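Presented below is the structure to which this report refers.
The values are calculated or read from the model by the stated rules, or taken from the named source; none is laboratory data. As the structure is a computational prediction, the values presented were derived from the model and not from experiment. Cβ: placed from backbone, ideal geometry, glycine included. Neighbour counts: every protein chain shown.
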Amino acid sequence: MNTNQSLVYQAFSLLLALLGASALSGLAFRARLALRRQLPRFATVGEPLSYRVIVRNETGRTQRDLCIVEDLPDPRPSFEEFVQSREPGEERRNWFDRKVGYFRWTWLLSRNRAAVCGEHPLPPLPPRGEGEVRVELVPLKRGYLGLRGATVLRPDPFGVFKAAVTIPARESVLVLPRRYALPRFELPGTRKYQHGGVALASSVGDSEEFVSLRDYRPGDPLRRLHWKSLAKLGKPVVKEYQDEFFVRHALVLDTFLDAPQSDRFEEAVSVAASFACAIDTQESLLDLLFVGPEAYCFTAGRGLGHVDRMLEILACVRPCRDRSFAALHHLVIERRAALSGCIAILLAWTEERRRFLGHLASLGVPTLVFLVTEAGALEPDVPESVHRLEVGRVAEGLARL
C-alpha cells in the first residue's frame with residue numbers, strides 16, 4: 001500500500017485504537033452491586049409483567065450510565081431434545097438443511113424461550129446507595145419462570161462495547177395460562193343432591209338453608225343447638241336443615257398426547273383456564289378432572305377452593321404419555337351421580353373419546369364438547385355438536401358459542 005496515495009491505513013489504525021481503548025475501559029468496570037425484586041404472585045402468558053427492582057451500589061463511587069437486563073432460563077435445547085425433535089414441515093426442506101439442523105435449532109430456541117425482556121436504564125447510583133427501576137418482561141410459557149439473576153451493563157465512552165457485571169439473585173414467579181374472553185353462555189344440567197353437602201359447602205344459597213326446630217336427639221352436633229330456645233324452654237332444641245342441592249360441573253381436560261410439547265395442548269389448557277374463570281363458582285361447584293402421573297380431581301366453589309388455585313394447577317399440568325384415555329374415562333364416570341353437566345376439552349377424535357362421550361350421553365349427563373385441532377386439520381366424522389377450535393384461532397371459535 002502506498003501511504004502517500006491512501007489514508008485507509010490511518011482510518012484502520014484509528015478504529016483499531018478505538019476498539020482497544022473500548023475493550024480496556026470495559027475491563028475496568030468492577031462494580032459491586034446487589035439487587036432485590038418485588039415480584040407479584042402471578043403472571044400470565046402473553047401479558048406484560050411489570051415489577052420493581054432495587055439495585056444497591058456497594059462501592060464508594062457513583063455508578064452512572066448503567067442498564068439492567070434479567071437473566072432468563074437458557075432456551076438452548078439438550079442434545080437429546082435436538083435429536084428427537086422435528087421442526088414442523090422439516091420433511092419439506094432439502095437434505096442439507098435436514099442434516100445440519102439449523103432451522104430445527106432456531107425453532108427449538110423459539111419454542112423453549114420462556115420470556116422476553118429488554119434492557120432497562122438505571123438511575124445514577126450514589127456511593128453505598130440504592131436506585132429503583134421498573135422492569136417489564138413478557139412471559140411466553142406457563143409454569144414457573146425462574147429468574148437466575150440480572151446483568152448490569154455499562155457502555156464504554158465510545159459506545160462500542162458494553163461491560164457486564166452479573167448479580168446472582170434466584171427467584172421465580174408462576175406464569176398462569178393464557179385466558180380467552182368468553183361470551184355469555186348457559187351450561188347444561190340441573191341441580192343435584194350433594195352427599196354431605198353441609199360439610200362440603202359454604203353458607204351460600206340453599207346449601208345450609210334453615211328448615212325448622214326440633215327436640216335434641218342423641219348424636220346431634222352441638223353447633224346446631226338453638227340457644228335462645230334452650231334458654232326459653234329449658235331443654236335442648238336443635239336447628240334442622242334441608243338437603244343440599246346445587247349445581248356441580250366437571251371441567252374435563254384431555255392430557256393424552258405423544259409429544260412432550262404441543263401448541264394444541266397449550267391451547268387446550270388455555271381453554272380450560274378460560275372456563276375456570278368464567279363459571280360462577282359462588283353459586284356452583286366446578287371439578288377440574290385430568291390425568292397426569294395419577295388421576296386428579298380439584299374442586300372450586302362454595303367455599304371449597306378458589307379459582308386461583310385451579311389456575312395454579314393448570315399452569316403446571318403436563319401431557320400424559322404413559323397412560324391411556326380409559327383412566328380419564330373412569331375418573332369422570334365414577335363421579336357421574338353428583339354432576340349436573342360436563343365440559344370436555346379433547347385433543348383428538350378417536351374411538352376411545354367417542355365411547356367416552358357416548359357413555360356420558362347414555363347416563364344423561366349433558367356435555368359441552370370442544371375439540372382442539374391443528375390449523376387446517378380435518379377430523380373425520382366429528383358431529384356438529386362438537387365445537388372445533390383451531391390452533392391460532394381459538395378466540396374466534398370461542399366467540400361463536
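I want to confirm something. Restricting to segment 5-50 and keeping residues that are among the hydroxyl-bearing types (Ser, Thr, Tyr) and within 43 Å of the chain's Cα centre (by Cα), which single residue is farthest from ASP71 (Cα to Cα)? Here the residue is THR44.
Determine if segment 167-175 includes at least one residue that is touching a residue at least 40 places away in the same chain (Cβ under 8 Å), of a type in the set (Ser, Thr, Tyr) and touching a strand residue (DSSP E or B) at 6+ places or on another chain (Cβ under 8 Å). So far as segment 167-175 goes, no, none of its residues is touching a residue at least 40 places away in the same chain (Cβ under 8 Å), of a type in the set (Ser, Thr, Tyr) and touching a strand residue (DSSP E or B) at 6+ places or on another chain (Cβ under 8 Å).
Within segment 73-110, restricting attention to residues that are under 24 Å from the mean Cα position of the chain (by Cα), of a type in the set (D, E, K, R) and modelled with pLDDT of 90 or more, the residue that is nearest to THR151 (Cα to Cα) is ASP74. Would you confirm whether any residue within segment 316-333 is outside the structural domain of ALA43 (by TED's automatic domain parsing), within 21 Å of ARG179 (Cα to Cα) and part of a helix (DSSP H, G or I)? Checked segment 316-333: at least one residue is outside the structural domain of ALA43 (by TED's automatic domain parsing), within 21 Å of ARG179 (Cα to Cα) and part of a helix (DSSP H, G or I). When ASP287 is tested against (1) surrounded by 19 or more Cβ atoms within 10 Å (Cβ to Cβ); (2) modelled with pLDDT under 90, just one condition goes unmet, and that condition is (2).
What pairs can you find where one residue is in segment 356-381 and hydroxyl-bearing (Ser, Thr, Tyr), the other is modelled with pLDDT of 95 or more and not in a helix (DSSP H, G or I), and their Cβ atoms are less than 6 Å apart, with a gap of 6+ or different chains? Pairs found: THR367/ALA344. If the condition is being under 25 Å from the mean Cα position of the chain (by Cα), of a type outside the set (D, E, K, R) and assigned to a strand (DSSP E or B), then segment 364-392 contributes LEU368, VAL369, PHE370, LEU371, VAL372, THR373, HIS387, LEU389.
Among the conditions (1) surrounded by 17 or more Cβ atoms within 10 Å (Cβ to Cβ); (2) in contact (Cβ under 8 Å) with a residue 60 or more places away in the chain; (3) within 19 Å of ASP74 (Cα to Cα), the only one that ARG104 does not satisfy is (2).
Matching residues to (1) more than 16 Å from ALA272 (Cα to Cα); (2) under 16 Å from the mean Cα position of the chain (by Cα):
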| site | (1), (2) |
| --- | --- |
| LEU288 | no, yes |
| PRO293 | yes, no |
| PHE298 | no, no |
| VAL317 | no, yes |
| ARG321 | yes, no |
| SER324 | yes, no |
| HIS329 | yes, no |
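Applying a threshold of 8 Å to beta carbon distances and a minimum spacing of six or more residues, or different chains, the list of pairs starting in segment 213-230 at a residue that is aromatic (Phe, Trp, Tyr) and ending at one that is modelled with pLDDT of 75 or more and not in a loop (DSSP other than H, G, I, E, B) reads TYR216/LEU225; TYR216/VAL237; TYR216/VAL238. GLY292 fulfils the conditions (1) out of contact with any Cys (no Cβ under 6 Å at 6 or more places or on another chain); (2) farther than 22 Å from ARG388 by Cβ; (3) of a type outside the set (A, V, I, L, M, F, W, C) except for a single criterion, (1). Out of all the residues in segment 351-361, is one or more modelled with pLDDT under 95 and part of a loop (DSSP other than H, G, I, E, B)? No.
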